[in-house]
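Below is one structure, written out as structure tokens, with a few remarks after it.
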Amino acid sequence: MDIDIRSGLAEARALAGEHKGALAIYALLGVVVPYLLLSSEPIFNLRTVMSMIASPYSAYVSGSIAGPLYLLGIVSVIVAGAMLAAWNAILAEIREGYVSEIMYGMVAGAAFLVANVVVYLGTGLLAVLPIAATIGLSEWNSIGGGAISAVYRLILSLLGTWIGARLCLTGAIMGASGKLEPFSAFAESWRLTREAQGRLLAFYFAYGLVVGAAFGGLVLLHGMVIWNNAQAPGSILETAMSFAWVLLFAAYFLGQILFAAGFLRASRPRAASAVFA
């Protein structure tokens, strides 16, 4: 069945209104908790990154790279688990409570995360491998002053966005039906988005541009605060910037959940009793 973008966004707004409490709880779990965990690691601190850029020979972060990678893995599982729990909460016909949803989310979220890594990593390797095997990546980057390479990166970005658009319903399908494995949900999402793939590609590409612009703007603003603020870390301005980052990540987190849930609802015919209720 075709997916109308306006109908999907209307469904997303309706779901947001119906499940404000659950969405707030899972935004707390999927955004605030990971943010606090990552804030404990210096390499994820913008002040540290700016110091390394400004003085690469004098600024360094001590410790092994294994620690940050391990922490990033834990955070990724938490975020994926919170997303699946949220989809289960707002789309399942009968809610079974937060404990059950979180337990489901952590198991299904880990499978969802691994499957997505395999899909996108495999796609990236297939796209880059022919170039790496023939002329080499360094020579490719220098061809045509980098113009050809830039066009190729744009094509890869569009390819990734298209794949994401075709698979955008996967998590919502898993959460709605309580599935633990993602591959049948991948197949169903691919089928349901067939007729609307152009519209979904345009929507998610525009959405990505908006999020990217907001992210870049916040990086610049936070960087200016750090650069011009002579006070030690933890000042009022930097605390305000931390709140701004949490709000941005929460908006993105909720957007990912609600857009997919709304488009899934729009892709399926509603019962007459539900339409005229």
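The values are calculated or read from the model by the stated rules, or taken from the named source; none is laboratory data. Remember, it's a predicted structure, so these values are computed and weren't measured experimentally. Every residue, glycine among them, receives a Cβ derived from its backbone with ideal geometry; neighbour counts consider all protein chains shown.
Data for the structure
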| read-out | value |
| --- | --- |
| Check on Ala196, touching a Phe, Trp or Tyr at 6+ places or on another chain (Cβ under 6 Å) and either under 20 Å from Ile3 (Cβ atoms) or of a type outside the set (Val, Ile, Thr) (or both) | no |
| Test for Ala115: is it under 30 Å from Gly217 (Cβ atoms), at pLDDT 85 or above and of a type outside the set (Ser, Thr, Tyr) | no |
| Some residue of segment 51-60 being assigned to a helix (DSSP H, G or I) and either crowded, with 16+ Cβ neighbours inside 10 Å or at pLDDT 70 or above (or both) | yes |
| Search result, residues across segment 1-23 that are in contact with a Phe, Trp or Tyr (Cβ under 7 Å, 6 or more places away or on another chain) and either without any contact (Cβ under 8 Å) to a residue 40 or more places away in the chain or assigned to a helix (DSSP H, G or I) (or both) | Ile5, Gly8, Ala12 |
| Enumerated helices (runs of 4 or more DSSP H) restricted to segment 143-222, each holding at least 2 residues that are of a type in the set (D, E, K, R) and under 30 Å from Asn88 (Cβ atoms) | 183-192 |
| The one condition in (1) at pLDDT below 95; (2) part of a helix (DSSP H, G or I) that Pro233 fails to fulfil | (2) |
| Subset tally (residues that are free of Cβ contacts under 8 Å to residues at least 60 places away in the same chain and not aliphatic (A, V, I, L, M)) for segment 178-199 | 8 |
| Count - residues of segment 90-117 that are in contact (Cβ under 8 Å) with a residue 12 or more places away in the chain and among the β-branched types (Val, Ile, Thr) | 3 |
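Conditions (1) within 20 Å of Trp162 (Cβ to Cβ); (2) among the basic types (Lys, Arg); (3) more than 21 Å from the chain's Cα centre (by Cα); (4) surrounded by fewer than 14 Cβ atoms within 10 Å (Cβ to Cβ), marked per residue:
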{"position": "Ala185", "(1), (2), (3), (4)": "yes, no, no, no"}
{"position": "Glu195", "(1), (2), (3), (4)": "yes, no, yes, yes"}
{"position": "Tyr204", "(1), (2), (3), (4)": "yes, no, no, no"}
{"position": "Leu209", "(1), (2), (3), (4)": "yes, no, no, yes"}
{"position": "Ala213", "(1), (2), (3), (4)": "no, no, no, yes"}
{"position": "Gly223", "(1), (2), (3), (4)": "no, no, yes, no"}
{"position": "Ile226", "(1), (2), (3), (4)": "no, no, yes, no"}
{"position": "Gln256", "(1), (2), (3), (4)": "yes, no, no, no"}
